[in-house]
Structures are given as structure tokens and as C-alpha cells.
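Participant: Take this structure first; my questions come after.
FYI, it's all coordinate maths here, none of it is from the lab. Model, not experiment: these values are computed from the prediction. FYI the Cβ positions are ideal-geometry reconstructions off the backbone, even for glycines, and counts take in every protein chain you see.
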Amino acid sequence: MAALRLASLAAVVAACCSFRTRHTRDGPSPHATMTMNSTAPSSVSELYVNVGNQQQYQVYWPTSKQSSCTAVMFAVGTSMSVSGYAEFGTRMAAKGYIFIVVDPEPGSMTKLNKDRLQTAFLAGKQQWSGWTGNACGSIDAWLLGGHSAGGGTAHAVFVDSPSVTDGVFSVDPLARGDLGPNLDLPGLYWGFSQSTCFVSPADSSQAAFLRSPSTKRVLAKVDVKWQSFPPTPKYYHCSISNGCNVACSSFSDTPAEFYEDVIKSIDVFVESLTTDQWGSTRSRLEALQIDTELEWFVNEDSL
């Protein structure tokens, strides 16, 4: 049945898209580390894909063709749409990544349907080359995951179908109830030092970290840093999308440095993933010049 759904998606995907190219506002970070993405172009292309109102995607990629890329598919959170991660997606593509935002349930407030997300992930992996005009000769690694409910539902997908991805990248992944069984997949998770937007770290980012292999996992625990007037968190559950809705927002925009720091951690994680050099992950993370106040938890670290 999943194969039939995937074939149907592929049959209609070509008639649904809008394309544009833009240039990122910022140049390379002055603190850029020496990674495979450090000399990536700043010109970014973007494509919106609507597949029969069943799946929607926002695709970002570096305009200059590359011999290989890492690709990230990132499922949207509760009440979110694919347009809600533009700042992060643009910055990811400017550093050389293919970044695909996935909404497997357009128009639905909840994003909890595991089968629909699995179908959307598989379709994205099948269609990325056509969407980007063969922007990369090959994909050296796939990172799949998501934000909030999107990350929690992605976890359920990986429990049943771990081969769909090489590693996991999620921000505050949240399930309805318990997150679920352990995964045998490397994982990079970003979360926060205390509950924001009614999301507890123990139920989201920390739960995901503890369910990942103890030799191939990273958690970035960001200091929320409440601002006194008006009382609002500087960093919170929806920082990755610069706000979600009235119930989860801030009076301040997400600092640009937050996105850049997330990307720096992805660079390190991908290097560990593609070289299998997990033993040096901690030292490479600690060597990064990070502006966001956070604490790293790596591999065997206890929370």
C-alpha cells in the first residue's frame, strides 16, 4: 500500500510547483569552522511543492551545483506549514545542504499520522533530484527528523523503518504520550533548559537523546534566558521557526546566531556520521565558536 501511495505521488508531483532563486542576506559567519560546508555558495534556490494537497514541501538548495551534498528532511510541527522555516532553510542551503521542509498533513493542526509522514519522506527522497535540477551529484547522507510533533512522529517512523534515514535531526521532538522505543540511529537533538510552550524537555529533546545509541548521540540544551520586560523567553520551543502561533511566540525574533549555531552542530554531526569518527565529536563541538548559551551532552553523558 505504501508503494502504491508513493507511485501516485510521483505521478502528480510535476504539476504543482513554484520556483525562485534568492540570495541570502548574510555572508559566511566570521566564526565558520573548517567543515565540508565552509566555502559553500550564498545563492539559494527555493521550490514549493504541493502534491495533490496531500503532501507539501518547501525545498531549499545551493544554486551552484555540487558533486555531493547532505540532505535534510524536516517535518513541520503542530499547526505549522512548510513556509514557517524559511530563515533556517535558507541558511542551511547557503551552507551547502539540501533542506526539505515536509508537511504530510496540510491543513491539519496535528501532525501525528505516521504512515503519511513515512510516505512523504519516501517521496522526498525519490523526487529531490528533479525538484532541485540535479543540484548535487549524489547524497552523502540523509538526516530526517522534525520539529515538535513532526519530530515525534518522525521517531515513530524510524522505529518501524530505520533504513529510511542515516541519522536523525530534530528540535524538541514531541509525541502524544510517550515518545516510544529506542532507535538504533545516530541522533542530533536541540532542546531547551526548561519547559516552554507547555513542552517539557524531559518529554521531548531529552527523551529522544536517551533513546538514541549511547555512542552516537548529541543533545544541545539551550539556556532559555527569560527576559524581564516584557516577560518572554529569548530561546524557546519555536525558536527554530521564529515563532509558531499566539500560544508559542516571543516579542523578539530568533537571533540569527541561533540558526548559525544549529548549523555548525549539524556540520560536526554529519562529519561524525560520514566518517564514523564519533569519538572526536565532543572535542569538535566544544571547539566551535558558539554565540548561543547552551550545554552539550554527547554520547555516554547522563542528563
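Participant: Just to be sure I understand the model, the point goes 7 Å from the Cα along the line to the Cβ. What's the resulting residue 184 to residue 200 distance in nm?
Facilitator: Result: 3.0 nm between the two label points.
Participant: Can you put 92, 109 in order of Cβ neighbours within 10 angstrom, beginning with the fewest?
Facilitator: In order of increasing Cβ crowding within 10 Å: 109, 92.
Participant: Place +1 on the Cβ of every Lys and Arg and -1 on the Cβ of every Asp and Glu in segment 153-303, take the dipole about the Cα centre, and give the residue among 167, 222, 270 whose Cα lies farthest towards its positive end.
Facilitator: Highest projection toward the positive end goes to 222.
Participant: Exactly which chymotrypsin sites (Phe, Trp or Tyr not before Pro) in segment 170-206 are in a DSSP loop and have at most 12 other Cβ atoms within 10 Å?
Facilitator: 198
Participant: Another question, then. When the chain is fully extended, how far beyond the present Cα-Cα distance does residue 301 get from residue 227, taking 0.36 nm per residue of separation?
Facilitator: In short, 23.7 nm is gained.
Participant: Bin by bin, in steps of 5 Å, what percent of the Cα pairs in segment 46-128 do you find, going until the bin that has the longest distance?
Facilitator: 3, 16, 28, 24, 16, 8, 3, 1
Participant: A follow-up question, please. Nothing charged except the Cβ atoms of Lys and Arg (+1) and of Asp and Glu (-1): what's the magnitude of the dipole of segment 89-189 about its Cα centre? Round to the nearest 20 debye.
Facilitator: For this selection, approximately 260 debye.
Participant: Please state the charge dipole magnitude for the chain, taken about the Cα centre, from unit charges on C-beta atoms (+1 on K and R, -1 on D and E), reported in debye and rounded to the nearest 20.
Facilitator: Rounded to the nearest 20 debye, it is 660 debye.
Participant: Taking the simple approach of a point 7 Å from Cα along Cα-to-Cβ for both residue 67 and residue 140, what is their distance in nm?
Facilitator: Rounded to a tenth, the inter-label distance reads 1.0 nm.
Participant: If you don't mind, another one. Gap in Å between the Cα centre of segment 191-241 and the Cα centre of segment 153-167?
Facilitator: Taking the Cα centre of segment 191-241 as reference, the centre of segment 153-167 is 22 Å away.
Participant: Something else about it: What chymotrypsin sites (Phe, Trp or Tyr not before Pro) does segment 216-303 have in DSSP loop regions with at most 14 other beta carbons within 10 Å? Mind showing how you got there, number by number?
Facilitator: Details: sites: 226, 235, 236, 251, 258, 259, 269, 278, 296, 297; in loops: 235, 236, 251.
Passing both the DSSP loop test and the Cβ count: 251.
Participant: Tell me which of 88, 183, 239 sits at the most positive position along the dipole axis of the chain, charges placed on C-beta atoms (Lys, Arg +1; Asp, Glu -1).
Facilitator: 88
Participant: If you don't mind, another one. Could you tell me what a quarter of the Cα convex hull surface of the chain works out to, in nm² with one decimal place?
Facilitator: Averaging across all directions leaves 14.4 nm² for the Cα convex hull.
Participant: Using the 10 angstrom Cβ neighbour count as an exposure proxy, how do 114, 225 rank, fewest first?
Facilitator: Sorted ascending by nearby Cβ count, the order is 225, 114.
Participant: Taking N as the number of residues in segment 89-194, what is its Cα Rg relative to 2.2 N^0.38 Å?
Facilitator: For segment 89-194, the normalised Cα radius of gyration comes out at 1.07.
Participant: In debye, nearest 20, what is the charge dipole magnitude of segment 236-289 about its Cα centre with +1 on Lys and Arg Cβ and -1 on Asp and Glu Cβ, if you could check?
Facilitator: 120
Participant: Can I ask one more? For the chain, what is the calculated [θ] at 222 nm in deg cm²/dmol (nearest 500), taking -39500 (n - 2.57) for each run of four or more DSSP H residues and dividing by its residue count?
Facilitator: That comes out to -8500 deg cm²/dmol.
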